[in-house]
1. Tally up the residues in the stretch 154-196 that are hydrophobic (A, V, I, L, M, F, W, C) and either open to solvent by 60 Å² or more (accessible area, probe 1.4 Å) or within 23 Å of Val220 (Cβ to Cβ) (or both), please.
2. Please verify whether Ser277 is crowded, with 22+ Cβ neighbours inside 10 Å and either among the hydroxyl-bearing types (Ser, Thr, Tyr) or more than 24 Å from Ile324 (Cα to Cα) (or both), treating the condition exactly as stated.
3. Using the structure shown, decide if Thr101 is open to solvent by 30 Å² or more (accessible area, probe 1.4 Å), at pLDDT 95 or above and more than 30 Å from Thr392 (Cα to Cα).
4. Taking the stretch 464-512 as the search range and keeping residues that are assigned to a strand (DSSP E or B) and touching a Ser or Thr at 6+ places or on another chain (Cβ under 6 Å), which one is most open to solvent (accessible area, probe 1.4 Å)?
5. Could you list all residues from the stretch 315-335 that are open to solvent by less than 50 Å² (accessible area, probe 1.4 Å), over 22 Å from the mean Cα position of the chain (by Cα) and not polar (S, T, N, Q)?
6. Looking at the stretch 281-309, which of its residues are open to solvent by 30 Å² or more (accessible area, probe 1.4 Å) and either in contact with a strand residue (DSSP E or B) (Cβ under 6 Å, 6 or more places away or on another chain) or of a type in the set (Phe, Trp, Tyr) (or both)?
7. Of the conditions (1) among the hydrophobic types (A, V, I, L, M, F, W, C); (2) open to solvent by 60 Å² or more (accessible area, probe 1.4 Å); (3) free of Cβ contacts under 8 Å to residues at least 40 places away in the same chain, Phe140 satisfies every one except a single condition; which number is it?
8. Considering only the stretch 467-516, state which residues are free of Cβ contacts under 8 Å to residues at least 40 places away in the same chain and among the polar types (S, T, N, Q).
Amino acid sequence: MNKIPLFLVLISLILFSFSNGNAQEKIIFPKNEFRAVWIATVVNIDWPKMSTDSVAKHKADFIEILDNYKKLNYNAVIVQIRSVGDAFYPTQLAPWSRYLTGKEGQAPNPNYDPLAWMIEQAHQRGFEFHAWLNPYRATFDTKIETLSKDHDFFKHRDWMIKYGETGKEKYYYNPGLPEVQSHLTAVVEEVVKNYDIDAIHFDDYFYPYRVTGKIFNDSVSFKKYSYKQTLEDWRRNNVNTFVKNIYFSVKRLKPWVQFGISPFGVWRNKSVDPKGSDTQAGQTNYDDLFADPLAWMEGKYIDYILPQLYWSIDHKTASYSKLIKWWADNSSNVNVYIGNGSYKIKSDSDKKWFVPGEIPNQIDLTRTFPNIQGNAYFSAKAFVNNNKDVATLLENNQYKYPAIPLPVPSNIKTGNERPLLETFEKEENSYHFSFKKTQSNLIRYIVVYSTENNTALDRNNPSQIIEKVFIDAKSESIKYCISKDKLKDSKKVAFTFIDFYGNESVPEIVHLHNEIKPN
């Protein structure tokens with residue numbers, strides 16, 4: 001990878017003050033950047049560590065993940081709440097997950113709502129919560145004796161298609177059935193209605209990855225529902241229709257909730273399509289998974305795209321550098337983030353993953369593309385008591401300062417609702433502030449800025465962010481307290497509000513020598 005010239009680095013360090021309010025050009029430490037981690041629950045990849053652990057142990061382990069990534073200045077978690085026709089929350093539409101309780105259909109003991117609890121814990125630490133669902137995968141194997149009697153396999157046997165390598169088959173929902181699409185849409189709608197999530201997230205599992213010599217037998221539904229289409233076009237249309245329906249269902253219920261997808265990293269190879277990437281991928285979205293991310297972006301029925309580029313920068317057949325440029329050149333209408341394969345660190349045949357700087361270099365490369373605004377990492381266990389050398393590099397360099405995620409692209413606003421200060425009082429070791437509620441009440445966080453030695457306050461400078469504090473939208477008042485130690489010798493602070501759409505308000509600047517007493 002080419003190094004960025006020194007003069008560009010110096011230019012990027014120039015930050016504008018509150019007074020001019022201009023957006024920054026290229027910067028080393030972006031103020032607005034998506035930094036997410038996938039927390040995989042299927043087969044207990046990340047969490048819970050063991051399904052048979054106590055509820056207290058589950059909670060402690062989840063908090064450990066959050067605290068580790070908060071320390072690294074991440075700002076979003078993508079948590080798998082449905083992986084194989086099951087659920088990590090109470091619902092009549094699916095049985096409790098065996099990966100949570102050890103037995104499918106068995107509730108936690110003591111019983112609680114893990115999803116509501118996880119959302120609360122994530123928000124309290126300043127994370128967006130993206131609810132990750134695998135819609136089409138119904139089971140992880142063919143051992144039907146381990147399934148709950150309430151699993152869709154038994155309720156709707158005609159929805160299921162068995163497919164996979166011999167000995168590794170799984171059951172999949174048939175994407176070509178309208179009743180399957182309706183059911184899966186209802187699953188998503190229930191989560192959006194009942195939980196204070198920030199996004200619905202799908203990964204790369206649409207039609208299953210091809211297996212040589214095996215046929216995904218959807219011939220009956222193809223014959224019944226296709227209309228002058230090839231099998232391939234019909235399958236792509238099934239996925240496109242489903243994705244579109246999910247988007248509009250989410251927006252109808254809660255327009256601020258995002259819908260994002262993290263597809264496989266290669267749309268098509270250039271050898272098959274001139275529009276494709278300069279890669280030699282064995283499988284592709286368009287031709288094998290029947291997923292067409294370009295159509296989703298063109299149709300404006302996703303909010304963000306997060307392609308999984310789980311290769312090293314100079315990989316021979318699918319290089320990170322070539323693919324990130326392809327996605328930068330071919331993305332439109334959405335926020336664009338990149339998925340990075342932190343699971344490969346020190347555990348891949350590609351020896352580039354044994355170099356501690358591979359992930360930091362991928363971040364640096366990502367930041368050279370103005371229309372790509374962040375990264376997500378698979379998976380959480382990569383930096384929880386693991387790979388501390390890489391984590392330290394991120395903590396001291398690329399992720400030295402906090403960042404604010406991007407607003408929902410279809411609802412970007414100027415943030416006119418400012419946090420008007422109502423009272424400000426000093427105590428011996430702390431400052432206490434209260435603010436008037438805004439018109440919308442859809443306030444998610446307060447962001448606090450401060451500087452030392454009378455340096456100009458600058459909302460575009462992430463090094464000046466002191467805290468990002470969760471606000472309960474149901475509360476009747478907005479109150480905030482901070483210790484004097486955190487502000488050191490600051491003479492003034494600035495507050496902004498972040499609404500449910502991710503928009504940040506104009507700042508309210510408070511001079512710390514002037515108290516404002518309640519009437």
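The values are calculated or read from the model by the stated rules, or taken from the named source; none is laboratory data. From a predicted model like this one, the values you see are computed outputs, not experimental measurements. Here Cβ is always computed from backbone atoms with ideal geometry, including for glycine, and neighbour counts include all displayed protein chains. The protein model used for the area step is the full one, side chains on, heavy atoms only, and it has no ligands, DNA or RNA in it. Shrake-Rupley method; radii C 1.70, N 1.55, O 1.52, S 1.80 Å.
1. Narrowing the stretch 154-196 to residues hydrophobic (A, V, I, L, M, F, W, C): 154, 159-161, 177, 180, 184, 186-188, 191-192.
The next check asks that each one be either open to solvent by 60 Å² or more (accessible area, probe 1.4 Å) or within 23 Å of Val220 (Cβ to Cβ) (or both); those that pass are 154, 159-161, 177, 180, 184.
So the answer is 7.
2. Values: crowded, with 22+ Cβ neighbours inside 10 Å: yes; either among the hydroxyl-bearing types (Ser, Thr, Tyr) or more than 24 Å from Ile324 (Cα to Cα) (or both): yes.
So Ser277 passes the test.
3. Details: open to solvent by 30 Å² or more (accessible area, probe 1.4 Å): no; at pLDDT 95 or above: yes; more than 30 Å from Thr392 (Cα to Cα): yes.
Considered against the rule, which asks whether it is open to solvent by 30 Å² or more (accessible area, probe 1.4 Å), at pLDDT 95 or above and more than 30 Å from Thr392 (Cα to Cα), Thr101 comes out as no.
4. Going through the stretch 464-512, the residues assigned to a strand (DSSP E or B) turn out to be 465-470, 478-483, 492-499, 504, 508-511.
Then drop every residue that is not touching a Ser or Thr at 6+ places or on another chain (Cβ under 6 Å), which leaves 466, 479, 481, 483, 493, 496-497, 504.
On the way: Ile466: 57, Lys479: 149, Cys481: 69, Ser483: 46, Val493: 1, Thr496: 0, Phe497: 2, Glu504: 29 Å².
The selected residue is Lys479.
5. Within the stretch 315-335, just Ala318 meets the criteria.
6. We begin by selecting, within the stretch 281-309, every residue open to solvent by 30 Å² or more (accessible area, probe 1.4 Å); these are 282-283, 286-287, 298-300.
Of everything in the stretch 281-309, just one residue is open to solvent by 30 Å² or more (accessible area, probe 1.4 Å) and either in contact with a strand residue (DSSP E or B) (Cβ under 6 Å, 6 or more places away or on another chain) or of a type in the set (Phe, Trp, Tyr) (or both), namely Tyr286.
7. Of the numbered conditions (1) among the hydrophobic types (A, V, I, L, M, F, W, C); (2) open to solvent by 60 Å² or more (accessible area, probe 1.4 Å); (3) free of Cβ contacts under 8 Å to residues at least 40 places away in the same chain, the odd one out for Phe140 is (3).
8. Within the stretch 467-516, Ser475 is the sole residue that qualifies.
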